[in-house]
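Report on the structure given below.
The values are calculated or read from the model by the stated rules, or taken from the named source; none is laboratory data. All of these numbers come straight from a predicted model, not from anything done at the bench. Quick reminder, even Gly has a Cβ in these numbers, built from the backbone with ideal geometry, and neighbours come from all protein chains shown.
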Amino acid sequence: MGILFPVVLATCLISWFSINRPHLLEKLLLSPYLVNTENQFYRVITHGFVHADFTHLFFNMFVLWEFGSRVQHDWLNEPSLSSSCPQRVVNELVRRMTIDMRSEEAEERSAVSSEITFRKNENNEELSSIQSLLIMPKPGRDCSGVSGTDLEDIFALSLLETYDIVDRSITDAILDEHKLNMNGLFKDSDFIEAGQLAGAEAILTLQPVCLNGTNIIKVKMISVNSSLLLWSLIAKNPERTPEVDEIMVEVSSKL
């Protein structure tokens with residue numbers, strides 16, 4: 001007979017008694033708040049035995065019987081399943097009970113503001129005349145594994161209202177035709193040459209790096225015509241990859 005029949009029988013009896021007894025149902029339902037503050041850990045188990053009404057109970061028991069009988073058969077005939085299943089149940093309970101804690105930790109990490117340093121070439125008036133821009137990611141990844149290519153489209157969307165963004169697919173074709181390799185070691189002059197071939201007035205280079213456990217993004221805007229550095233920015237965050245939005249807010253406030 002196994003464990004399935006006793007489980008179904010116990011569920012039916014407990015649900016039948018609790019459906020018409022709201023005070024009993026309330027004591028058996030899962031309440032993370034009461035589990036945490038009143039140590040009512042029994043609710044983690046008892047909430048699985050109660051149902052809202054008899055229709056809810058019928059369909060749940062039907063599905064449990066249909067699939068549970070097959071699982072029970074495989075479990076009893078496969079010792080490896082018998083030993084691993086309890087551990088999986090425990091792991092799932094721990095995961096569910098700590099999900100709020102992990103969510104709060106994630107929110108705290110995301111709330112850490114990035115340190116942004118912006119520098120602009122005050123002696124150059126060329127910046128105001130720039131209309132077309134080529135975005136070029138440099139090799140490198142930050143501590144979270146984010147590369148410049150991962151950020152390229154996000155920066156492009158953020159800058160579309162200000163500049164005409166050169167289609168990177170066109171640039172790749174030009175680079176291939178002129179045998180310019182952008183995957184190895186290179187200088188800013190290599191990017192400037194790519195910008196000239198693409199017909200852009202300026203290039204924007206993106207380079208994420210990881211330094212002493214800190215996520216860093218380096219951004220430069222360089223004039224294609226004069227080869228001058230128009231502005232540069234370094235964003236640092238020890239907890240996460242600096243957000244493109246916070247970078248662009250800083251750029252907009254300084255230009």
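Screening Ser69 on (1) modelled with pLDDT under 60; (2) touching a Gly at 6+ places or on another chain (Cβ under 9 Å); (3) small (Gly, Ala, Ser) shows it passes everything except condition (1). From the list Ser223, Ser232, the one residue that fits, being touching a Phe, Trp or Tyr at 6+ places or on another chain (Cβ under 9 Å) and of a type in the set (Ser, Thr, Tyr), is Ser232.
Among all positions in the range 178-198, there is no residue which is modelled with pLDDT of 85 or more, among the aliphatic types (A, V, I, L, M), under 24 Å from Thr117 (Cα atoms) and buried (at least 19 other Cβ atoms within 10 Å of the Cβ).
Any chance the range 30-39 includes a residue that's in a helix (DSSP H, G or I), surrounded by 13 or more Cβ atoms within 10 Å (Cβ to Cβ) and of a type in the set (Gly, Ala, Ser)? No, there is no match, as no residue in the range 30-39 is in a helix (DSSP H, G or I), surrounded by 13 or more Cβ atoms within 10 Å (Cβ to Cβ) and of a type in the set (Gly, Ala, Ser).
Taking first residues from the range 135-156 that are surrounded by fewer than 18 Cβ atoms within 10 Å (Cβ to Cβ) and partners that are among the small types (Gly, Ala, Ser), the Cβ contacts under 6 Å between residues at least 6 apart in sequence or on separate chains come to Arg141/Ser147. Can you find a residue in the range 233-251 that is more than 25 Å from the chain's Cα centre (by Cα) and either farther than 20 Å from Pro139 by Cβ or at pLDDT 90 or above (or both)? No, the conditions are met nowhere in the range 233-251. Assess whether Asp167 counts as being loosely packed, with under 13 Cβ neighbours inside 10 Å, of a type outside the set (S, T, N, Q) and modelled with pLDDT under 85. Here the answer is yes, as Asp167 does meet what is asked.
Elements of the type strands (runs of 3 or more DSSP E) sitting completely within the range 189-255 and holding at least 2 residues that are touching a residue at least 40 places away in the same chain (Cβ under 8 Å) and small (Gly, Ala, Ser): these cover 229-237.
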